[in-house]
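To start, the structure itself, in structure tokens.
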Amino acid sequence: PSRADAPAPRTDGPPPRTDAEAHRLAVAQGWARLLAAMVVVIAVGAAMMMPVAGLALSLAAVTWLRAVTAVSFRDWTLAFGRTLATVPYAAACTVAVPPALLAATVFGVDIDALAACAFGAGAGAAVLWTAPGVRGPRRRLERMFLRIAASPRTIAGLGAPLAVLTLAAVAGALSLTPSFAPMYGLAGWLESTLDRLHGAFDRV
């Protein structure tokens, strides 16, 4: 066939990316994932320091991230439904982790009841954000950060305070006694219940 019969190149799609553009996009995506991971660590640390308030905050945040692009009642319903579907999974982890940690004391692990509760709350928050099959909130965070991660100035401006908050969250979660505000009586009940369970493990 002649050149006149050859099909014309398509021009209806986006232009192909150059190597430099592809590299910039890959770098921006890497930064977006890192910033999103920092937010998740901060949320888990907050839940460990303040189990009641921290878990409520994580629940509200993941629900908002799912619903932020909702444009109809059906979208809102699906967003809330997906969050509610993860709540039993998160609750199971929150309840199961403290007894498991206290049971490990028979192998020489030293942990008190309230610290075990803090780790349970952290596990519950981690499930809300990053459990297998739970990708929506984290991906929404990554897309939000991707919009600003292409600029080194904005990366530094946002990354630096997030890094400080991440370090503070980790240090606080590992060193501070958890606060169960505003449900102050819950701390005493949990501590006495888990202490009795701890004593049962010691007698085994």
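Please work out if residue 54 is assigned to a helix (DSSP H, G or I), out of contact with any Ser or Thr (no Cβ under 6 Å at 6 or more places or on another chain) and either at pLDDT 90 or above or open to solvent by 60 Å² or more (accessible area, probe 1.4 Å) (or both).
Considered against the rule, which asks whether it is assigned to a helix (DSSP H, G or I), out of contact with any Ser or Thr (no Cβ under 6 Å at 6 or more places or on another chain) and either at pLDDT 90 or above or open to solvent by 60 Å² or more (accessible area, probe 1.4 Å) (or both), residue 54 comes out as yes.
Output the residue which, of all residues in region 134-185 that are over 18 Å from residue 31 (Cα atoms) and hydroxyl-bearing (Ser, Thr, Tyr), is most open to solvent (accessible area, probe 1.4 Å).
My answer is 184.
Restricting attention to region 117-148, and to residues there that are outside any helix (DSSP H, G or I) and touching a Ser or Thr at 6+ places or on another chain (Cβ under 6 Å), which single residue is farthest from residue 52 (Cα to Cα)?
Of everything passing the filter in region 117-148, 148 is farthest from residue 52 (Cα to Cα).
Name the single residue, out of those in region 16-42 being open to solvent by 70 Å² or more (accessible area, probe 1.4 Å) and not in a loop (DSSP other than H, G, I, E, B), that is farthest from residue 129 (Cα to Cα).
19
Of everything in region 62-108 that's out of contact with any helix residue (DSSP H, G or I) (no Cβ under 6 Å at 6 or more places or on another chain), open to solvent by less than 70 Å² (accessible area, probe 1.4 Å) and not in a helix (DSSP H, G or I), which residue is farthest from residue 195 (Cα to Cα)?
Here the answer is 72.
Looking at this structure, is residue 153 assigned to a helix (DSSP H, G or I), among the charged types (D, E, K, R) and at pLDDT below 90?
When the stated conditions are applied, residue 153 passes them.
If residue 59 satisfies every condition in (1) touching a residue at least 40 places away in the same chain (Cβ under 8 Å); (2) open to solvent by less than 40 Å² (accessible area, probe 1.4 Å) but one, which is the exception?
Going through (1) touching a residue at least 40 places away in the same chain (Cβ under 8 Å); (2) open to solvent by less than 40 Å² (accessible area, probe 1.4 Å) one by one, residue 59 breaks only (2).
The values are calculated or read from the model by the stated rules, or taken from the named source; none is laboratory data. Bear in mind the structure is a predicted one, so any value in this text is a computation, not a measurement. Here the Cβ is made from the backbone with ideal geometry for all residues, glycine too, and neighbour counts use every protein chain on show. Keep in mind that these areas ignore ligands, DNA and RNA; they rest on the heavy atoms of the full protein, side chains included. Shrake-Rupley method; radii C 1.70, N 1.55, O 1.52, S 1.80 Å.
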